[in-house]
Amino acid sequence: MLSQDATLTISDDKLRKAYGYVRSRFKEFGIDIEDPMEIILEHELWRLRQIRKNFDKFTTMLLNFAAESPEDAYRYAVISTTPTLLLIASLNANREKLESIANKIKELTDELELYTLTFIVALEENEEENKAAITAGSPEELRRTLESV
């Protein structure tokens with residue numbers, strides 16, 4: 001519940017600052033994690049925006065995803081949660097553990113980025129279909145409009 005409350009109340013700036021703090025922990029040991037951290041941060045910021053401004057469409061898209069592809073939905077849940085847990089663990093880790101954490105995060109972020117892009121496209125396509133349905137005057141017109149999208 002605390003996590004959900006934080007999700008709804010944390011500002012983008014505070015989230016960026018928190019990620020910057022964690023990033024600096026790796027940096028002080030000379031471990032480059034800039035790109036993976038940017039991918040994670042962008043995913044979290046995008047997800048926050050969807051929860052705050054597009055909740056119904058976002059949750060519907062996720063529910064459809066889970067219903068149509070349960071294995072992929074499970075994989076996404078793991079991929080989206082694991083980096084956060086690893087970043088929390090990094091706060092008390094020594095150099096050797098930080099390197100191990102950084103390597104695992106680098107492995108996960110490529111897949112996280114693909115999920116993020118897939119979800120962005122899915123939401124955009126859904127919006128286009130909804131616009132077409134609203135502007136179409138008849139079922140035939142809707143069919144022609146959707147075929148052209």
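Yes/no per residue for (1) under 15 Å from VAL22 (Cβ atoms); (2) modelled with pLDDT under 95:
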| site | (1), (2) |
| --- | --- |
| ASP35 | yes, no |
| LYS53 | no, yes |
| LEU85 | yes, yes |
| ILE88 | yes, yes |
| LEU91 | yes, yes |
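I'd like to know if the range 72-83 contains one or more residues that are in contact (Cβ under 8 Å) with a residue 40 or more places away in the chain and either in contact with a Phe, Trp or Tyr (Cβ under 7 Å, 6 or more places away or on another chain) or surrounded by 13 or more Cβ atoms within 10 Å (Cβ to Cβ) (or both). Yes. Restricting attention to the range 94-128, the residues that are surrounded by 14 or more Cβ atoms within 10 Å (Cβ to Cβ) and among the hydrophobic types (A, V, I, L, M, F, W, C) add up to 9. Of the set (1) over 17 Å from ARG49 (Cα atoms); (2) modelled with pLDDT under 90, all apply to ASN103 but (2).
Checking the stated criteria, LEU91 turns out not to satisfy the condition of being surrounded by fewer than 13 Cβ atoms within 10 Å (Cβ to Cβ), more than 26 Å from GLU125 (Cβ to Cβ) and within 16 Å of the chain's Cα centre (by Cα).
Of the residues making up the range 26-56, just one is in contact (Cβ under 8 Å) with a residue 12 or more places away in the chain, over 12 Å from the mean Cα position of the chain (by Cα), farther than 17 Å from THR109 by Cβ and assigned to a helix (DSSP H, G or I), namely ARG52.
The values are calculated or read from the model by the stated rules, or taken from the named source; none is laboratory data. Model, not experiment: these values are computed from the prediction. Positions of Cβ are generated from backbone atoms using ideal geometry, with glycine treated the same way; all protein chains shown enter the neighbour counts.
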